Amino acid sequence: MSTFILVHGSWHSSWNWHKVVPILEKQGHKAISIDLPGMGRDKMPIQNVTLEVAVKKLTDVIDGEDGQVILVGHSKNGIIISQAAEYKPQKIEKLIYVAAYLIPNGKTQAEYSAQDTEGVLKPYVTRYPETNSHTLKPVIYKEGLYHDCDDDITEMAKCILSNESVATGITPLQLTETNYGIVPRYYIECTEDKAVTPFIQQKMYTETPCKKVYQMKTSHSPFFSKPKELCSILTEIAAY
């Protein structure tokens, strides 16, 4: 059985995975969903969150596990699992990107986000220069993130979503073929995604090839709308 460490995307928290964790555990796997610094129950001031701080939170969790782990990253924070793999390649069995930013060495998440001109979220982002952070206006939650999810997900999001660090998205990744490059990569494309659109997902996994690409006919949030199907893919990847 495998140990999955589940990393949420922008504005979210470990709550993302509340439907996924029990399914994986019922199958005998270990599933750990974390709150990145400044998110969810982690109370670090958001202005103190950098890429290195966020990656260290993840690598500390990795170091706490005896064997190898599988990292699952969603959305923006594909960058976090990539950078963690550079630092801990021997501890990471596989990387799984779920509609996530798969960015090459020397590039930033923001550079690729800027190319995704069809996404619906950008006009609804509110920036806070005083804390170097931003939030997403709730009016776009349903259409942009959860269009195929139960309405209670949108209502919960209004209570849970929080500020997101700007610094993490504008810091270039530092990746090498000798470390990051030796960890097998897998991609799960969400074909109805309006936040990280199929255009940019396809561009990223074409530029940075993966062992296998899966497609799910879902919004940006398959862990809410189709958790069983998502877990089936995760466990199939784990079995390779």
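The values are calculated or read from the model by the stated rules, or taken from the named source; none is laboratory data. Just so it is clear, the model here is predicted, and its values are computed rather than measured. Heads up, the Cβs are rebuilt from the backbone with ideal geometry, glycines too, and the neighbour counts pull from every protein chain shown. Side chains are part of the model used for accessible areas, which takes the heavy atoms of the whole protein and leaves out ligands, DNA and RNA. Shrake-Rupley method; radii C 1.70, N 1.55, O 1.52, S 1.80 Å.
Could you tell me whether any residue of the range 190-201 is among the acidic types (Asp, Glu), within 21 Å of residue 8 (Cβ to Cβ), out of contact with any Phe, Trp or Tyr (no Cβ under 7 Å at 6 or more places or on another chain) and modelled with pLDDT of 95 or more?
So far as the range 190-201 goes, yes, one or more of its residues are among the acidic types (Asp, Glu), within 21 Å of residue 8 (Cβ to Cβ), out of contact with any Phe, Trp or Tyr (no Cβ under 7 Å at 6 or more places or on another chain) and modelled with pLDDT of 95 or more.
Would you point out the residue of the range 205-218, among those that are in contact with a Phe, Trp or Tyr (Cβ under 6 Å, 6 or more places away or on another chain) and of a type outside the set (Val, Ile, Thr), that is nearest to residue 112 (Cα to Cα)? Even if it seems obvious, please write down each step before you answer.
Kept after step one, since they are in contact with a Phe, Trp or Tyr (Cβ under 6 Å, 6 or more places away or on another chain), are these residues of the range 205-218: 205, 210-213.
Now narrow it down to the ones that are of a type outside the set (Val, Ile, Thr): 205, 210-212.
On the way: 205: 12, 210: 18, 211: 21, 212: 21 Å.
Restricting to residues being in contact with a Phe, Trp or Tyr (Cβ under 6 Å, 6 or more places away or on another chain) and of a type outside the set (Val, Ile, Thr), the top hit is 205.
Going by what's in this entry, would residue 84 be described as open to solvent by less than 30 Å² (accessible area, probe 1.4 Å) and free of Cβ contacts under 8 Å to residues at least 60 places away in the same chain?
yes
Considering only residues that are under 26 Å from residue 203 (Cα atoms) and surrounded by fewer than 18 Cβ atoms within 10 Å (Cβ to Cβ), which ones fall in the range 120-134? First the steps, then the outcome.
Here is the first cut: in the range 120-134, the residues under 26 Å from residue 203 (Cα atoms) are 120-125, 134.
Those that are under 26 Å from residue 203 (Cα atoms) and surrounded by fewer than 18 Cβ atoms within 10 Å (Cβ to Cβ): 120, 122, 123, 124, 125.
Name the residues in the range 2-36 that are without any contact (Cβ under 8 Å) to a residue 60 or more places away in the chain and hydrophobic (A, V, I, L, M, F, W, C), would you?
Passing the criteria: 21, 31, 32, 34, 36.
Within the range 97-130, work out how many residues are small (Gly, Ala, Ser) and over 16 Å from the mean Cα position of the chain (by Cα).
Selection size over the range 97-130: 3.
Within the set of pairs 6 or more residues apart or between chains, which connect a residue that is free of Cβ contacts under 8 Å to residues at least 40 places away in the same chain inside the range 140-151 to a residue that is part of a helix (DSSP H, G or I) and hydroxyl-bearing (Ser, Thr, Tyr) with Cβ atoms less than 7 Å apart?
From the range 140-151, the pairs are 140/124; 141/154; 142/154.
What number of residues within the range 3-22 are open to solvent by less than 40 Å² (accessible area, probe 1.4 Å) and closer than 18 Å to residue 229 by Cβ?
6
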